[in-house]
Amino acid sequence: MRITVEETSWKDGTATRLRAEQEREVVLRYGADLEAGAKPSASDVAVFLLATDMDSGDVVGCGGLRRLDPYTYEIKRMYVVPHWRGRRIGRVLLRQLEEAARERGATRVRLETGTEQPESRTLYERCGYRRIERFGPYVDCEASICYERLLPGGEEAETTGPAL
C-alpha cells in the first residue's frame, strides 16, 4: 500500500465529505455533538491534508491544523475512513500534519480526542504524544482527553499544562 498526502482547500468537496463523515461518527459514539469551542473553518485552519491510497485512488483520510499561538498548532478533524483503519494511515497522516506545523514555525502540536475513541488515543500515544490537562475550550468537557507533542527542535518549548 502506498499513501500520498497532499494539501487541499478546506472547501474542497472530498475534504468536506470526509469531515462530515468524521463528525457523524463522533456524534454516533457520544450521542450528541459535544465539540467545545468554535468549530474549525476555512478562516482559521492553516492547512488541510488529504491522504490517498495510490493503488486504488481512494481518499482514505484527512486532517487539519489550527494555530493556537505562535508556536503551537492544534490538529483538527483527523480522520481515517473506517475500512482503511489498521494500516498505519493515521500515523502517516499525523506525521505529515506535524511536518506542516513545523514548516509554519511550530514547536508543539496539541489535539483533543475523547473518552469514546480508544483507537485514537492508542495512535497518539504510540506516536509520542503525552496526555496533558484539558486546555482552552475543552477544560470543562469531561468527555475530552488532550495530548501534545513537542516537535523535533521544539524540546525547549514551554508547556502550559502538566502531563497527566
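The values are calculated or read from the model by the stated rules, or taken from the named source; none is laboratory data. All of these numbers come straight from a predicted model, not from anything done at the bench. Glycine also receives a Cβ, built like all others from the backbone with ideal geometry; neighbour counts cover every protein chain displayed.
Looking only at residues of the stretch 107-131 that are among the hydrophobic types (A, V, I, L, M, F, W, C) and crowded, with 19+ Cβ neighbours inside 10 Å, we find that the one that is farthest from E35 (Cα to Cα) is L123. Of the strands (runs of 3 or more DSSP E) entirely within the stretch 33-130, those holding at least 2 residues that are touching a helix residue (DSSP H, G or I) at 6+ places or on another chain (Cβ under 9 Å) and over 19 Å from Y147 (Cβ atoms) occupy 45-53, 59-69. Applying a threshold of 7 Å to beta carbon distances and a minimum spacing of six or more residues, or different chains, the list of pairs starting in the stretch 66-82 at a residue that is charged (D, E, K, R) and ending at one that is part of a loop (DSSP other than H, G, I, E, B) reads R66/P40; R66/D44; K76/P40; R77/P40. If you go through the stretch 132-145 and keep only what is surrounded by 16 or more Cβ atoms within 10 Å (Cβ to Cβ) and in a loop (DSSP other than H, G, I, E, B), you end up with R134, F135, C141, A143. Candidates in the stretch 1-32 are the residues that are of a type in the set (K, R) and part of a loop (DSSP other than H, G, I, E, B); of these, the one that is farthest from the chain's Cα centre (by Cα) is R2. So which residues in the stretch 17-68 are within 25 Å of A143 (Cβ to Cβ) and polar (S, T, N, Q), if there are any at all? Those that are within 25 Å of A143 (Cβ to Cβ) and polar (S, T, N, Q): Q22, S41. Every condition in (1) touching a Ser or Thr at 6+ places or on another chain (Cβ under 8 Å); (2) small (G, A, S); (3) buried (at least 18 other Cβ atoms within 10 Å of the Cβ) is met by A101 except one, and the failing one is (1).
Looking across the stretch 1-16 at every residue that is among the small types (G, A, S) and exposed (fewer than 13 other Cβ atoms within 10 Å of the Cβ), the one that is nearest to Y138 (Cα to Cα) is identified as S9.
Can you pull out every residue in the stretch 45-78 that is over 20 Å from A106 (Cβ atoms) and either of a type in the set (S, T, Y) or at pLDDT below 95 (or both)? The answer is T52, S56.
Within the stretch 59-88, which residues are of a type in the set (A, V, I, L, M), surrounded by 22 or more Cβ atoms within 10 Å (Cβ to Cβ) and either within 17 Å of C127 (Cα to Cα) or within 8 Å of the chain's Cα centre (by Cα) (or both)? Hits for the stretch 59-88 are L65, I75, V80.
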